[in-house]
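Q: Mind having a look at this structure? Questions to follow.
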Amino acid sequence: MNIITTDQLKTILVNEDPIVIDARGGIDALERYNQAHLENAQFVDLETDLSEKAEDPSQGGRHPLPRTEDFGRFLGVLGISPSSTVVVYDDKKGANAAARFWWMLKSAGHEKVYVVSGGLDAIVEAGIQPTQKAASLHALEEYPITGWQLPLVDADDVALAAADPDSMVIDVREHYRYLGESEPIDLLAGHIPGAVNIPYTSNLDGQGEFISPADLAAKYKEALANKDPRKVIVHCGSGVTACHTLLALAEAGMHGASLYVGSWSEWSRNERPIATGEE
């Protein structure tokens, strides 16, 4: 289990004394956290805590991963040890920074980390009152990380996979961005030639919560068409919402897909081939 409902959250809060993480992105992330967050939830910033920004996005994209040793120290500051139960949510239905934090913690080798389906909105709708009180930190020693344990690939790997009929490159961005109709964030519009578009939003129901594990399994079994998940690469604009689909695949019982962190923000800045439309 990687995704929990708000009912499961209530049980965990009572029975397991979890470390609760409120993960957010954007320049006003801390301000939004201060306005309303789950009691005792510790703030994690996508831009500074879950990324190590480079001056040139052509080298690693807009949200490159931090060094593992830095992430290990940060986890210690949050009071997370290998035995901790960790619950993470965001204010984007779990589709943004929460999924990124889940992937990073799983890739550090952590076992018990859960993303709340529907995020903060679902938590509030379930009757759990938010607060503005600051959380107390109980820092521990540095979390032991020897390297990212979940598979990562670079642009050359993606190019090879996109041309390999036994592999699949999944672009999880909105369809209009994949088509190249417009590009609201990066410099060029379009997609990686050979990539297929499965928007991350298709992992959600009409209320912004994850569809059931059975429905996720059926959806991706059809999409992968018997391909080995270990030959699947997932990317997005900058390596963040791709983690939402990796989370969905894990919940569906399909493990081993790789993350291309640089994603479109890196690919489109390196004079690599670009496709538009449905090609």
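Q: Applying the selection to the range 49-59, what residues are within 24 Å of residue 138 (Cβ to Cβ) and either among the hydroxyl-bearing types (Ser, Thr, Tyr) or touching a residue at least 40 places away in the same chain (Cβ under 8 Å) (or both)?
A: 50, the sole residue that qualifies.
Q: Another question, if that's okay. Can you tell me which residues in the range 34-55 are under 21 Å from residue 84 (Cβ atoms), within 19 Å of the chain's Cα centre (by Cα) and not polar (S, T, N, Q)?
A: 41, 43, 44, 45, 46, 49, 50
Table: residues versus (1) farther than 20 Å from residue 140 by Cβ; (2) aliphatic (A, V, I, L, M); (3) modelled with pLDDT under 95.
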| site | (1), (2), (3) |
| --- | --- |
| 77 | no, yes, no |
| 81 | no, no, no |
| 98 | yes, yes, no |
| 111 | no, no, no |
| 116 | yes, yes, no |
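Q: Return the residues of the range 60-104 that are at negative phi, in a loop (DSSP other than H, G, I, E, B), basic (Lys, Arg) and in contact (Cβ under 8 Å) with a residue 24 or more places away in the chain; say none if nothing qualifies.
A: Matches in the range 60-104: 62, 92.
Q: Is it the case that some residue within the range 235-252 is in contact with a Phe, Trp or Tyr (Cβ under 6 Å, 6 or more places away or on another chain), farther than 23 Å from residue 62 by Cβ and of a type in the set (Gly, Ala, Ser)?
A: yes
Q: Cβ-Cβ distance below 6 Å, separation of 6 or more or different chains: which pairs start in the range 24-48 with a residue that is buried (at least 16 other Cβ atoms within 10 Å of the Cβ) and end on one that is of a type in the set (S, T, N, Q) and in a loop (DSSP other than H, G, I, E, B)?
A: 25/96
Q: Let me ask something else about it. Go through the range 17-59 residue by residue and tally those that are acidic (Asp, Glu), closer than 17 Å to residue 135 by Cβ, part of a loop (DSSP other than H, G, I, E, B) and touching a Lys or Arg at 6+ places or on another chain (Cβ under 9 Å).
A: Residues in the range 17-59 being acidic (Asp, Glu), closer than 17 Å to residue 135 by Cβ, part of a loop (DSSP other than H, G, I, E, B) and touching a Lys or Arg at 6+ places or on another chain (Cβ under 9 Å): 1 in total.
Q: Go through 22, 70, 90 for me and flag whichever is under 22 Å from residue 265 (Cβ atoms), touching a helix residue (DSSP H, G or I) at 6+ places or on another chain (Cβ under 6 Å) and not polar (S, T, N, Q).
A: After applying the criteria, what remains is 90.
Q: Tell me which residues, restricted to the range 184-209, are among the acidic types (Asp, Glu) and more than 16 Å from residue 235 (Cβ to Cβ).
A: 205, 209
Q: Additional query: Could you list, ordered by first residue, the pairs with Cβ atoms under 6 Å in which the first is in the range 1-23 and of a type in the set (Asp, Glu) and the second is part of a strand (DSSP E or B), at least 6 apart or interchain?
A: So the pair list comes out as 22/37; 22/43.
The values are calculated or read from the model by the stated rules, or taken from the named source; none is laboratory data. This structure is a prediction, so every number in the text was calculated from the model and none was measured. Note: ideal-geometry Cβ built from the backbone for every residue, glycine included; neighbour counts use all protein chains shown.
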